[in-house]
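K.L.:
The structure that follows is given in the form of structure tokens.
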Amino acid sequence: MQQLDDRKWKILQAIIRNYLETGEPVGSRTISKYTDLNLSSATIRNEMADLEELGYIVQPHTSAGRIPSDKGYRLYVDMLLQEKHQEVEDIKLQLLEKADRLELILQQVAKLLAVNTQYTTMVTTPQYKKKVKFLQLTEVEENQLLAVIVFERNIVKNKMVHITTSLSKETILKLNIIMNTFLQGLDLGEINLPVITQMKEQAGDYRTIVNDILDAIMQAVSEEEDLEIYTSGTTNILRYPELSDREKAADLLYTLEEKKVLSELIHDKMEDEESRGIQVYIGDETPVETMKECSVVTATYEIEEGVYGKVGIIGPKRMDYQKVVSTLQSLMTQLDDVFKKKT
């Protein structure tokens, strides 16, 4: 933003807003009518040339007009997120009237968002950090240990650990003590290199077995626990020419239908407490390969401390960011009220 003076910023805004409305490249003559700058087309052309050189707009081969680049969209979105957004329609009453269970509320959220925005939407059931509550190692065969891992909320996972040598009861007891001493109360992000190093030092000759046990715990932690992803408005993407190419549209629809790939969006930045607000992914910023031609806006809702889910809106890069961001901001407030009343 430091590269742009007020005139360039207003012209860039005009280009983006006009392109969002029409989907057509924007020329200087259109901008001269669209803004209140009272500038000639020649002056605007010069400013647009500067914006292009700075990377905020690009000129398609087939047209003399300009369209926003990912960098231009990024600046536009970042400025939007700094401003106050108007409240959108209150959906809390609709949610409470149509659903009395969390799953139905989330399904209804997806439908209401799709209708309200005319984009594709997704809502996940809440997930929580799995913290190790207790670990029990038992030798079941000469070269196999059974690791019973109990997480908070009494979630139990059983994992087989293959070992290369038989262990005495005293050694297994020692390993149990070491693993529980260091791992109790930790989640995946907290099992870091210093913790692992200390455990290996305590294990001595059995440090390789500690590695195998940790791998089993990591697998158990990373397993999804009844994750559901509700989607709505999947065919809305076909309304936008830039996403309606047969092959691209098929890949995108498959992603939305399969849903497993969407986990990349769900877990992205979820562990970062400072990044649990609204996140905007534009083009290549999107972690899902089939969505590189899209923009994705997500928000994280909280049921209770440590229990989170995500709401996402998927559309073209020329989506109405202001409306989408405002809608999600309002929705997060309404969901917070709903969940607090239901707990």
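K.L.:
Roughly how many nanometres apart are two label points built 7 Å out from the Cα toward the Cβ at Q198 and S168?
P.N.:
2.7 nm
K.L.:
Hey, another quick one. Report, to one decimal in Å, the Kirkwood hydrodynamic radius for the range 132-222 based on all distinct Cα pairs.
P.N.:
On the way: mean 1/r = 0.0767 Å⁻¹.
After inverting the mean inverse Cα-Cα distance, the result is 13.0 Å.
K.L.:
Rounded to a whole number, what is D in µm²/s for the range 6-81 from Stokes-Einstein with the Kirkwood radius over alpha-carbon pairs (4 °C, 1.567 mPa s)?
P.N.:
107 µm²/s
K.L.:
Say the cut-off is 27 Å between C-alpha atoms; which of K130/K323; K111/K317; K10/K323; K130/K317; K157/K292; K133/K169 go over it?
P.N.:
K130/K323; K130/K317; K157/K292
K.L.:
Let me ask you something else. State, to one decimal in nm, how far the label point of R7 lies from the label point of S41, with both points 7 Å from Cα in the Cβ direction.
P.N.:
1.9 nm
No lab work stands behind these numbers, since they all come straight from the coordinates. Predicted, not measured: the structure shown is a model, and the values here were computed from it. Glycine gets a Cβ as well: all are built from the backbone with ideal geometry, and neighbour counts include every protein chain shown.
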